[in-house]
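Quick note: the coordinates plus some simple rules give every number you see, no bench work behind them. All values derive from a computational prediction rather than experimental measurement. Using ideal geometry, Cβ is built from the backbone for each residue, glycine included, and neighbour counts are taken over all protein chains shown.
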Amino acid sequence: MRERATAAAAAFAILASTRGAVAQAHAPIDRLAEAWRGLGAAVVVDRPRFLNDDETLAVALPELPDGECTTVVLLGARGLGFHVRLGEGRDDDPNARVPSEAGALSIERCGATLPRRLLVTSDSGRGALETIVARSARPLEPLRSILPERTGGSSPTAPEPGLLPAMPLPERRAELAEMRARRDGATIATRATWASGADGNGAAEEVLDPGCHSFQLFAVDPRTANPSHRNRLDLDAEMRDASGDRILARDRSDAPDARLELCVGETTRVEVGFAGSPPDAPVLVTHGVWPIPDRLPTVWGSDARGRMAHVLLTRHVRSLPGEPVLLAQGGSGTTPVPLSLEAGACYLALVSVVQGASRAVNLRVRISMHDAFDDRGVDENGAVVAFCAGARTSAFAEIEARGTPLLGWGLALYRVASAVWEVTP
C-alpha cells in the first residue's frame, strides 16, 4: 500500500495549487452580443469607460443600420449604482431618468429614436462601464432572460477604508511581478510603456507568438504626488482580437494593477485597452511568456490547443508524458465517456472547450466506488483530473458543460505511469 501511495502521490503532484498563469473570459457583455446576433440584430460593443464617484459621462451611441427597435445596455460591477438621462432631459424628470439595477441598465425603443447621446451619472461606487447597442426589426430578448444574475437587489458598496499610503512606484511593482513570473518558469520580454489619454484610457496593439502570455499593467498612484487624494487607483484592462469583436481576456477586478492572461496556439494579433489610469500618464507593461506543453491534440485546432494549455498551466502541469491514449468530444449538457484503463496505471484527464463559449466545464472520473473530480474547473475553459486505476480496467468520465447551444468540448486522456504497484520505494 505504501508503494502504491508513493507512486500515486507522484502522479498527483502534477496538479499543483491554483496559482495561475493564463485566463480567457466569456463575459456578460459577450453573452448579450451573442444572443442578440443570434436573433438577427446588428450589434456594436462600444469601448469601456471608467465612471468615478459623482461623475457624469456623455456616452455617444454608435452608428448602426436602420431598424425598427434600438436597444442599449450599460453594464458595470453589481455594486456600481448609476442612472442615465436621455439627451438633455432634466434630472428631476422621471421619464428622462432611468436608474440601474444590480449594476445594469437597459433601454429599448421601438418605432421611436433614442437620443444620440446618453448622460450617465454615478450614484454610488466607481468602476468600469461597458456599453452595447443593438438595432433590430423587432424587440429583443430582455436583459433579465439573458443575464438573470443582473436582476434583483444590488450588492452593497464596500465601505471606504479611509486614506491609505501611496503605493510603490510602477517600476518597483513591475520588478516584483517579473520576479514571480520568472520563478514560475516564464521568459520575460522587454517592458513597454503605454500612454493614457486625458480620460485615463489608452490602447495598444500586440502580436503574440504561440504560447501562454501574461501582461501586467502598472499605473502611477495619484497619491504619490498628492497624499490627500481620495480616489484609489483602480486600473482595468481587456484584450480583444484584431477585429475588436471578441474579448479574449479581461481584468475588471477592484485592484490597482491589471493583469491579462491568454494562451494562443498560433501567431495572433490582439488589441489591449485599459481604463482608470491618471490622465496623460505613462502605464508600465510587463510581459511574461510560457511555452505551450508538447503533445496536446491538434485535431480541434489552434484555439483549442491554447485553451488546453491554459488549463494545464493554471494547474502547473508544464509537460505531458506522451501522446494521448484516448480522445473524445461532445457538446452541451452532461455526457458520460467510458474509459479503458491499464490496471495499476495512473492517468491525467484533460477536458477543454473546443467550440463556442461556455459558462462552466466540470470533469468527474468514476472508478468503482471512488470519484476524482474537478468541479470548479479553470475559468470557463476546462478542467483536469489525475487518478490511478488500481486493479480496475475501466472507468467513466463525466463531463458537464454549460454554455451556448453550439458548445463543443474535447477530452484527452494521458497515461502518466504504468504498473504503479511494482514501483519500489
Relative contact order of region 170-290: what whole-number percent is it, with Cα pairs under 8 angstrom and at least 6 residues apart? 44 percent
Taking a ≥ b ≥ c as the square roots of the Cα gyration tensor eigenvalues, with a/c under 1.5 meaning rounded and otherwise prolate when a/b beats b/c or oblate if not, region 170-290 comes out oblate
Length added when fully stretched, residue 108-residue 68, from 0.36 nm per residue minus Cα-Cα: 13.3 nm
Three principal axis extents, largest first, for the C-alpha atoms of region 330-425, in Å? 48, 21, 18
Quickly work out the residue 97-to-residue 145 label distance, labels modelled 7 Å from Cα along the C-beta direction, and quote it in nm with one decimal. 3.1 nm
Using the Cβ atoms and a cut-off under 11 Å, what net charge is assigned to the surroundings of residue 324, where Lys and Arg are +1 and Asp and Glu are -1? +1
